[in-house]
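Okay, structure first, notes after.
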Amino acid sequence: MFSIYGAKPYLKAHEMRLTVNGKAIRIDAEPEMPLLWALRDLAGIKGPKFGCGIAACGACTVLVDGAAVRSCVLPVGQVDGEVTTIEGIGSSEALHPVQQAWIDEQVAQCGYCQAGQIMSAVALLNEIPAPSDEEIDRAMGGNLCRCATYPRIRAAIKRASDTSAET
Amino acid sequence: MKRLILLLFVAVPLPALAQDAGLAEWQKIFEVFSHPRCANCHTQDDHPRWSGAHYGGARIHPFNVRRGPDGFGNTGLTCQTCHQETNAEILHGPPGAPEWHLAPAEMVWFEKSSAEICAQIKDPARNGGMNLEEVAVHVRDDALVAWGWAPGPGREPAPGSAQETFAALERWAGLGAPCPQDADE
């Protein structure tokens with residue numbers, strides 16, 4: 001099938017092995033297929049969202065070995081590390097501190113971008129447990145929210161930071 | 001005829017010929033180094049630049065993208081969050097090459113004159129501690145530098161090629177690596 005996102009119709013699919021949310025999975029995909037497609041369409045992991053398709057909005061953000069990447073532009077053949085999506089950072093019984101902070105601060109409005117926002121926030125807090133406002137702004141600048149929930153996002157990151165420090 | 005040749009050597013000393021030839025080689029190098037595909041990530045401030053037909057003049061990279069402590073961006077939004085090892089093939093998609101990052105802040109090419117860039121290239125304190133041979137090899141072999149000639153859809157590549165720029169650097173160095181003066185430009 002032709003894809004405008006780089007996969008060539010004449011390329012044969014290859015069996016690929018990925019580790020996603022701690023589980024080893026196998027998919028048949030062209031190496032140039034964006035990771036986002038592989039996750040959503042082949043692995044059935046729907047947390048990462050399609051927004052712009054050109055790494056300009058952040059809705060598709062996932063972690064690869066803990067670092068935020070835009071899965072819409074990362075060819076699945078270039079994935080070198082463990083992939084974590086929003087489904088993998090917590091559970092409904094035990095939310096990740098960032099997820100809980102998102103609820104406590106009532107961050108989401110329409111919610112479409114929020115999975116990506118949360119993944120970027122997790123990547124930030126993995127590296128900087130108590131980020132300053134400027135560090136938050138620098139880390140989150142590539143995640144766009146058309147509902148303009150930015151003040152609540154910043155507040156939730158601060159709350160998650162405080163929660164993690166207490167536990 | 002012999003007198004004519006002798007006269008030519010007297011009138012135009014060899015060092016002056018070498019100087020002119022060297023400056024001509026430097027001009028080829030400058031056209032590469034000052035090209036947006038190269039200069040946009042050789043900035044003095046914290047921000048890489050975008051430029052090209054789609055963007056009008058050069059503009060600061062959106063999304064609050066910054067140099068970060070090591071030139072690879074900031075925590076949570078490194079260059080490689082979006083810039084993968086290969087170009088996105090879709091128009092306006094992020095370009096990619098291995099180890100995408102900004103040049104060190106002391107290697108400023110963006111909006112610098114030919115004389116200023118030339119002086120920098122010869123100064124190990126501002127060129128990554130390299131001699132001219134190492135600079136030439138870096139230009140020829142580095143994967144991120146090579147991206148400048150293969151920048152992906154919708155972007156004008158730097159002039160020439162890595163090999164041609166390497167050769168120009170070799171010839172320029174062999175001719176004494178002359179630099180233009182600002183008043184010459």
Check your understanding: What residue, among those in the stretch B:139-182 that are at pLDDT below 95 and on the phi > 0 side of the Ramachandran plot, is surrounded by the most Cβ atoms within 10 Å (Cβ to Cβ)?
Key -> B:GLY152
Check your understanding: Scanning for something among the aliphatic types (A, V, I, L, M) and touching a His at 6+ places or on another chain (Cβ under 9 Å), does the stretch A:94-107 turn up at least one residue?
Key -> no
**Study point:** Tabulated pairs, the stretch B:110-138, first at positive phi, second among the β-branched types (Val, Ile, Thr), C-beta under 9 angstrom, 6+ apart or interchain
**Key:** B:GLU111/B:THR43; B:GLY128/B:VAL135
Review point. Quick check: is even one residue across the stretch A:153-161 over 14 Å from the mean Cα position of the chain (by Cα), hydroxyl-bearing (Ser, Thr, Tyr) and outside any strand (DSSP E or B)?
Key: yes
Review point. If you go through the stretch A:102-118 one residue at a time, do you hit one that is at pLDDT 95 or above, surrounded by 17 or more Cβ atoms within 10 Å (Cβ to Cβ) and at the interface with chain B (Cβ under 9 Å from one of its Cβ atoms)?
Key: no
**Study point:** In the stretch B:66-77, the residues that are out of contact with any Cys (no Cβ under 7 Å at 6 or more places or on another chain), buried (at least 20 other Cβ atoms within 10 Å of the Cβ) and either more than 7 Å from every other protein chain (Cβ to nearest Cβ) or over 17 Å from A:ALA68 (Cβ atoms) (or both)
**Key:** B:ARG67
Point to revise | Contacts under 6 angstrom Cβ, first residue in the stretch A:73-92 being assigned by TED's automatic domain parsing to the domain that holds A:GLY22, partner among the charged types (D, E, K, R) and modelled with pLDDT under 95, 6 or more apart | key: A:PRO75/A:GLU32
Point to revise | In the stretch A:62-82, residue nearest to B:HIS92 (Cα to Cα) [restricted to those that are in a strand (DSSP E or B) and at the interface with another protein chain (Cβ under 8 Å from one of its Cβ atoms)] | key: A:ARG70
Check your understanding: Hey, does the stretch A:35-50 have a residue that's touching a Leu at 6+ places or on another chain (Cβ under 6 Å) and within 15 Å of B:THR81 (Cβ to Cβ)?
Key -> yes
Point to revise | Selection from the stretch B:41-67 of residues that are of a type in the set (Gly, Ala, Ser) and either part of a strand (DSSP E or B) or at pLDDT 95 or above (or both) | key: B:SER51, B:GLY52, B:GLY56, B:GLY57, B:ALA58
Review point. Is it true that A:ALA123 is more than 11 Å from every other protein chain (Cβ to nearest Cβ), hydrophobic (A, V, I, L, M, F, W, C) and in a helix (DSSP H, G or I)?
Key: no
Study note, to complete from the structure: With criteria (1) away from chain A (no Cβ under 14 Å); (2) not in a helix (DSSP H, G or I), B:GLY22 comes up short on (2)
Exercise for review: Among the residues of the stretch B:81-94, write down those that are more than 7 Å from chain A (Cβ to nearest Cβ) and buried (at least 20 other Cβ atoms within 10 Å of the Cβ).
Suggested key: B:HIS83, B:ASN87
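Considering only the stretch B:154-162, I want to know if a residue exists there that is in contact (Cβ under 8 Å) with a residue 40 or more places away in the chain, in contact with an Asp or Glu (Cβ under 7 Å, 6 or more places away or on another chain) and over 24 Å from B:GLY174 (Cβ atoms).
To start, the set of residues in the stretch B:154-162 that are in contact (Cβ under 8 Å) with a residue 40 or more places away in the chain comprises B:154-160.
Imposing the further condition that a residue be in contact with an Asp or Glu (Cβ under 7 Å, 6 or more places away or on another chain) reduces the set to B:159.
The next check asks that each one be over 24 Å from B:GLY174 (Cβ atoms); those that pass are none.
Checked against the condition, which is being in contact (Cβ under 8 Å) with a residue 40 or more places away in the chain, in contact with an Asp or Glu (Cβ under 7 Å, 6 or more places away or on another chain) and over 24 Å from B:GLY174 (Cβ atoms), the stretch B:154-162 yields no hits at all.
Looking at B:ALA105, B:ALA158, B:ALA162, B:ALA125, which is the one that is under 29 Å from B:HIS83 (Cα atoms), touching a Pro at 6+ places or on another chain (Cβ under 9 Å) and not aromatic (Phe, Trp, Tyr)? If you could, list the steps in order and put the result at the bottom.
Values: B:ALA105 fails: touching a Pro at 6+ places or on another chain (Cβ under 9 Å); B:ALA162 fails: touching a Pro at 6+ places or on another chain (Cβ under 9 Å); B:ALA125 fails: touching a Pro at 6+ places or on another chain (Cβ under 9 Å).
Unique residue meeting the criteria: B:ALA158.
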**Study point:** the stretch A:138-152, subset under 16 Å from B:THR78 (Cα atoms) and in a helix (DSSP H, G or I), residue nearest to the other protein chains (Cβ to nearest Cβ)
**Key:** A:ALA139
**Study point:** Close pairs (7 angstrom Cβ cut-off, 6 or more residues apart or separate chains): crowded, with 19+ Cβ neighbours inside 10 Å in the stretch A:31-46, among the charged types (D, E, K, R) anywhere
**Key:** A:ARG40/A:LYS46; A:ILE45/A:GLU87
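The values are calculated or read from the model by the stated rules, or taken from the named source; none is laboratory data. Quick caveat: nothing in here was measured; it's all calculated off a predicted structure. Here the Cβ is made from the backbone with ideal geometry for all residues, glycine too, and neighbour counts use every protein chain on show.
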